[in-house]
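Chemist: One structure is given below, represented as structure tokens, and several questions about it will come after.
The values are calculated or read from the model by the stated rules, or taken from the named source; none is laboratory data. No experiment lies behind these values; they were computed from the predicted model shown. With ideal geometry, Cβ positions are generated from the backbone for all residues, glycine too; neighbour counts draw on all protein chains shown. Heads up: the accessible areas ignore ligands, DNA and RNA and are worked out on the full protein's heavy atoms, side chains in. Shrake-Rupley method; radii C 1.70, N 1.55, O 1.52, S 1.80 Å.
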Amino acid sequence: MTIRIEFIKRRPGGRITVRPTIYDKREISLGRATDCDVHLGDLRVGLHHATLIQVSPTKVRIEANNDHRVRVDGAQIRRRDISLSEQAVIRIGPYQLSLAATEKAGELLITIELVEPPTPVGDNRDEKTVFGMRGYAPSKRATAWLLMATILAVFLALPISLH
């Protein structure tokens, strides 16, 4: 059995790009992790979110992994068998998946489209204030003067006093 996945991306100006990928297996994994067959890169998607299994040429089973849920036609489910004639809408985070049979016997077509905007960053602070050490450690200038005084004391004043 063959599964054909098409990522649909809408570009500014109304252009649409389609990136197809073909898998020669009956089970694919969906998630944010890099070892998943289908990478869905959003924080609202779990690392290993779900598994899609082609049960027969006309039926597909979707199973959510761990504590995750998948929306099928608006209902949150953990596992469901879906007939390709249902034209069910599957949502995993901000992604929408549509299932269809192709002209080839036994081939499944899955189209994936990002239908919601990406997760906004909640922290608007400046990068220097987030990753800086101001307030937690002495300044670079004070540290340099202290280190120079220590080196002079150890390598100049101590040998002179011992001699």
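Chemist: Quick check, is residue 73 more than 25 Å from residue 8 (Cα to Cα), open to solvent by 60 Å² or more (accessible area, probe 1.4 Å), within 25 Å of the chain's Cα centre (by Cα) and without any contact (Cβ under 8 Å) to a residue 24 or more places away in the chain? Write out each step before concluding.
Modeler: Details: more than 25 Å from residue 8 (Cα to Cα): no; open to solvent by 60 Å² or more (accessible area, probe 1.4 Å): yes; within 25 Å of the chain's Cα centre (by Cα): yes; without any contact (Cβ under 8 Å) to a residue 24 or more places away in the chain: yes.
Spelling it out, it is not the case that residue 73 is more than 25 Å from residue 8 (Cα to Cα), open to solvent by 60 Å² or more (accessible area, probe 1.4 Å), within 25 Å of the chain's Cα centre (by Cα) and without any contact (Cβ under 8 Å) to a residue 24 or more places away in the chain.
Chemist: Suppose the filter is surrounded by fewer than 16 Cβ atoms within 10 Å (Cβ to Cβ) and out of contact with any His (no Cβ under 8 Å at 6 or more places or on another chain); does residue 99 pass it?
Modeler: Working: surrounded by fewer than 16 Cβ atoms within 10 Å (Cβ to Cβ): no; out of contact with any His (no Cβ under 8 Å at 6 or more places or on another chain): yes.
Criteria not met by residue 99.
Chemist: While we're here: Checking the structure you have, find out if any residue of the stretch 47-64 is closer than 30 Å to residue 11 by Cβ, outside any loop (DSSP other than H, G, I, E, B) and open to solvent by 20 Å² or more (accessible area, probe 1.4 Å).
Modeler: Scanning the stretch 47-64 turns up no residue that is closer than 30 Å to residue 11 by Cβ, outside any loop (DSSP other than H, G, I, E, B) and open to solvent by 20 Å² or more (accessible area, probe 1.4 Å).
Chemist: Right, here's the next one. Report whether or not residue 161 is more than 27 Å from the chain's Cα centre (by Cα), exposed (fewer than 11 other Cβ atoms within 10 Å of the Cβ) and either more than 18 Å from residue 7 (Cα to Cα) or modelled with pLDDT under 90 (or both).
Modeler: Yes, satisfied.
Chemist: Given (1) out of contact with any Phe, Trp or Tyr (no Cβ under 6 Å at 6 or more places or on another chain); (2) modelled with pLDDT of 85 or more, where does residue 112 come up short, assuming only one miss?
Modeler: (1)
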